[in-house]
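Just so it is clear, none of the values below were taken in a lab; they were calculated from the coordinates. Quick caveat, the model's predicted, so the values are computed rather than measured. Glycine also receives a Cβ, built like all others from the backbone with ideal geometry; neighbour counts cover every protein chain displayed.
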Amino acid sequence: MFKSVPRAQCRWPVFLAMLVALLSWAVPSTLAAQGTAAVRGTLTRADNGAPLAGVTVTIRGTRISTVTNSNGQYEFARVPVGPQVILVRWIGYQPAEVAVTVTAGGSATADAALVAQAISLGEVVVTGVSRAPERVVEAPAAVSVVSAATLRDISVTSQVPLALAHLPGTDVVQSGVNDFNVNARGFNSSLNRRVLVLQDGRDLAIAFLGSQEWNSLSMPLEDIGTMEMVRGPGSALYGANAFSGVINITTPTAREVIGTKISVGGGELSTFKTDIRHAGVTPDGKFGYKFNAGFYTSGTWTRSRTGATDLASEYAGVTDEVITAPTPGFELRPLDGQTGAPGTSATGDRDDLRNIFGSGRFDYYGNNSLFSIEGGATQVENEVFVTGIGRVQVTKALRPWARVSWGNPNYNLMAWYSGRKSLDPQFSLASGVPLEESSRILHIEGQYNRSFAEDRARIVLGGSARSYHVDTENTLMSLADDNRTDGYFSGYGQFEYKLTPQWRIVAASRVDKGDLFNTQFSPKGAIVFSPNEDHAIRFTVNRAFQVPNYSEFFLRVNIPGNGTTSPGDLEAGLEGYYATVQNPLVVGPGLAAVMGGLGLPADIPWNFDAATGAFALGNPTTNVEHVTSFELGYKGTIADRAYVSVDFFLSKITDFVTDLLPAVLLPGGNPKYSGYSLSDGGTDVLGDLTNIDAVLAGAGLPAAHPLRAIIDTLLRPGFQQLAAGAGPLLATLPGGNRALVISYANAGEVTEKGVEVGIGVAASPEFRIDGTYTFFDFDIDQISPDDIVPNTPKHKGSIALSYNGLQGFDASVKARLVDSFDWAAGVFEGRIPSSQTFDVTAGYQLNPNLRLSVLVTNLFDQDRFHLFGGSLVGRRMLGGATATF
């Protein structure tokens, strides 16, 4: 039922025709020829003349915008002739306006000196909430913006998620150097995908798992233009997997970063990184180009666990909890570069982590429009990721991508490709089995937005089509399910209307249909009250969904070493022993003949395979997971010196998809992997594994039967060991074989509730204090396994002190405080200790072209593990230099 390549392919021409028809309405009016000229300028601080980098500059009455480069310079290459007003709005500075007259064939200059202002939250503009620009204060969702300074300060680490670690309501869980999970509002996992991550509209997720490989970003952090974290369900505009939020990353066009930038950095953990970017425009300003390339290498905190007590030894001194390692207690394969037999600790040096990346972009700047084509690739080596089936090491993988877009402020047509290829096999460290993946996602999307009724109303309309292809060469999926292509189609719209200058209503909805799931409807409604431009209160109702990934549908991998004696071995031994030694009635034929002669079944009813296999298996009957959320939020600026955001949410999750759990214990069971019964309609063997008397009675052997004593003596220990070690895992496969199985299913309903608080106070234009607090709680509303936990602390918070001085010096101290909590995901289950982690940054602008910086994460070098089964995370001190020309 899932092999639907022809159906998906035949829909593409129809869908493309619909998009062209939709956009053709808008195109003619936006491409009308008109005279243009260039406008350029420099933005500086009024108090000391220092250049201001990363400031947004727009032209009033249009949506033409750009940002200043490291020298504070900006340029609009093609501005319509006539009088224009250049608007400069940036958090921390008073707004500025510069009037210019643009004449055909000439150029105009619009410089501005900005006056520092403690806080001006109302000047921040976001696009991730409504897919169109709006002030963050009035946005109908909980949203936070990562500052350009934060991205600049942590760029030397090459770790994008660290930029999100101090936002309210956000969980950033780290294992090793580059294995991160970013989540919001509970129910994290070892491979989280509840938050959709977009870069210029391109989904960064892996096709097979739907999660992120954060180390595959083909650009340095400081080359990111903006990063927004939208918390709460977002499927009404973004579709599947915008379940708990959306991270919206945008990158600058070529003309926004004209010049050359070279960065070099390194430090502890044998870290070294370097990257270069060059961008320019043609003399007529119509074409732009941008290229970048980089290299990164570091050691790793990750250790091999081939010794039976390696996990307990690794966590010793970090937690007081008793460490129960996954069965069989050790991994069969050491990390690349090391050697070691199973059961003994590995020796040798671990191979370093390495990333090589590059990308290129070409832009054409039309009259109030932009056409872009870009692409790139990242090669990643040796990173270790924690998954539901244990840890996996990616020996060498390639992540190519490409994107083309064409649009103006009212429309956008975009297509992109994202792929993944295992250049060398990746390995399951638990089993030593090589795993392959060759996958790609193709996506095309069109969007139109328009304001009318004197700008009181706005609509956003769009549609998209996507194709997934996954081939694991039967290493992660069975032959029947592997090497598949599936389609996914959607249409969406949003309507906004200002009832009065203070009241605005927002309504949105989206319809999604795919080959792997039924039609989904995702509505959204919001009311926003803004008594003035500095304050807003909102009430929002959202519904979102998450589609099971290919692993949850079709996974099939072996789990090594179940640690129990096989009942099949016991039965075979019993039959041979009874036939040759103990049976006075029959010589030669064995136990089967004896039982047949007594009128009993030819085989004892527990007839297991010779070896009891163990598998992690997908569940193709898994339903789509849904969440409905009610939210009340406030954002505001107080006396231009402080900002406050407070968001309350109450969410109901239905058809909650479990992580890997024993198949027989799954809610509603799994029709493919049923529990083993003594006979058709008989008693479930799981209830009798420790009661050998009931088992033998069910086999038709009363206590007085002559075979009873021998069978009892030989089989009782095996049954008891099976019950103690893996009884709940015992299941019957579709072919009738028995195995130990973990799988997925839907677990009924969960209620989430929480509060997210963000506060910032400016003691002066140079000094700031920022803090966050997040409370989270949940209730299981229907019967679920005890293993289900939200993998999220009940309390967490952060505090940051920052200084941006007048002499080119800046510094910050940040602390994260996380409460202890339980973790259960796949084969790993345990408790995460509470932690307090301190990070320090400092930088100095030596001259307009050279900046020096230093960063220390986990200042006090306190070993931490953020998820059970993850690697310990220690201190990292790095320094760097960035030069621009």
Q. What order do you get for 420-433, 183-196 when each peptide is scored by the mean count of other beta carbon atoms within 10 Å, highest first?
A. 183-196, 420-433
(Q) Can you give the FRET efficiency to the nearest 0.05 for Thr319 and Glu749, using r as the Cβ-Cβ distance and R₀ = 30 Å? (A) 0.40
Q: Classify the stretch 273-394 as rounded, prolate or oblate from the Cα gyration tensor: take a ≥ b ≥ c as the square roots of its eigenvalues, call it rounded if a/c is under 1.5, otherwise prolate when a/b beats b/c and oblate if not.
A: prolate
Q.
Per residue of the stretch 503-519, what does 6.51 cos²θ - 1.76 cosθ + 1.60 with θ = phi - 60° give for ³J(HN,Hα)? Whole Hz please, x for Gly and Pro, Karplus curve as stated.
A. 10, 9, 10, 9, 9, 9, 7, 8, 10, 10, 9, x, 5, 9, 8, 6, 4
Q: Provide the net charge surrounding Thr628, with neighbours chosen by a C-beta distance below 9 Å and charges set as Lys +1, Arg +1, Asp -1, Glu -1.
A: +2
Q.
I'd like to know which of Ala842, Ala815, Tyr773 lies farthest towards the positive end of the charge dipole of the stretch 751-866, counting +1 on Cβ of Lys and Arg and -1 on Cβ of Asp and Glu.
A. Ala842
**Q.** Karplus (6.51, -1.76, 1.60) ³J(HN,Hα), θ = phi - 60°, over the stretch 245-250, in Hz, Gly and Pro reported as x
**A.** x, 9, 9, 10, 10, 10
Q. By the gyration tensor of its Cα atoms, with a ≥ b ≥ c the square roots of the eigenvalues, what is the shape of the stretch 141-182: rounded for a/c under 1.5, prolate for a/b over b/c, or oblate?
A. oblate
Q.
Just to be sure I understand the model, the point goes 7 Å from the Cα along the line to the Cβ. What's the resulting Asn48 to Ala457 distance in nm?
A. 5.1 nm
**Q.** For Ala312, net neighbour charge (Lys/Arg +1, Asp/Glu -1) across residues whose Cβ lies under 15 Å away
**A.** -4
(Q) I want the local charge near Leu461. Using Cβ-Cβ distances under 12 Å, sum +1 for each Lys or Arg and -1 for each Asp or Glu among the other residues. (A) +3
Q. Points 7 angstrom from Cα along the Cβ direction at Asp819 and Ala507: gap in nanometres?
A. 3.9 nm
Q: Assuming a ≥ b ≥ c are the square roots of the Cα gyration tensor eigenvalues, decide whether the stretch 161-254 counts as rounded (a/c under 1.5), prolate (otherwise, with a/b larger than b/c) or oblate.
A: rounded
Q) Taking H as built 1.01 Å from N, whose amide H comes closer than 5 Å to the amide H of Tyr411, not counting residues under 5 places away? A) Asn449
Q) Taking the simple approach of a point 7 Å from Cα along Cα-to-Cβ for both Asp200 and Gln94, what is their distance in nm? A) 3.7 nm
